[in-house]
1. Restricting the stretch 44-65 to residues that are in a loop (DSSP other than H, G, I, E, B) and in contact with a helix residue (DSSP H, G or I) (Cβ under 8 Å, 6 or more places away or on another chain), which is modelled with the highest pLDDT?
2. Filter the stretch 27-51 down to residues that are closer than 13 Å to S17 by Cβ and open to solvent by 60 Å² or more (accessible area, probe 1.4 Å), then give me how many there are.
3. Which ones in the stretch 31-45 are under 10 Å from G112 (Cα atoms) and either of a type in the set (S, T, N, Q) or in contact with a Lys or Arg (Cβ under 9 Å, 6 or more places away or on another chain) (or both)?
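The values are calculated or read from the model by the stated rules, or taken from the named source; none is laboratory data. These figures come from a predicted structure and were not determined experimentally. Because the Cβ atoms are built from the backbone with ideal geometry, glycine has one as well, and the counts that use them run over all protein chains shown. Note: accessible area is taken over every heavy atom of the protein model, side chains too, but ligands, DNA and RNA are not part of it. Shrake-Rupley method; radii C 1.70, N 1.55, O 1.52, S 1.80 Å.
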Amino acid sequence: TVHGIAEQDVRRHALESLDAVAGWAPELAREIEGTARGAGLEDWQVAALNARTEILALGRHARPRECSTIIANRQAPFSMQTWDWHVELANAWHLQAVTTGSRAFVGLTEYGTLGKIGFNDAGVGVHLNVLGHR
């Protein structure tokens, strides 16, 4: 088990997530499947990585200990997010830059994850924070 979630449950939730992605954006599901094949992993393993936050939130020991984020949209815009509780991921990130048509995006994601956080040339930043309550 990981965080109180049995592997078979992780697998089931990951495959449900992959099915949802395939229904919404089939090309992204194919990218997850291709990443798995290229890494010598099963589809559910890369799907679990991409749905990690949602799956971990199901665990008995899930505690919201997420990130700090800052986005400043000024003359020199910048975007920042910390994962200060997961030092072990420090070497697992990579930058991505995408330009399509009239838009450009720069971001940071983890290997095996399609996309995570970033900032586009229109001044829109996307970050992830998990909030909890009682």
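1. If we filter the stretch 44-65 for residues that are in a loop (DSSP other than H, G, I, E, B), which is where we start, we get 51, 57-65.
Adding the requirement that they be in contact with a helix residue (DSSP H, G or I) (Cβ under 8 Å, 6 or more places away or on another chain) leaves 51, 58, 62.
Working: A51: 92, L58: 80, A62: 60.
Out of the qualifying residues, it is A51.
2. 1
3. Those that are under 10 Å from G112 (Cα atoms) and either of a type in the set (S, T, N, Q) or in contact with a Lys or Arg (Cβ under 9 Å, 6 or more places away or on another chain) (or both): T35, Q45.
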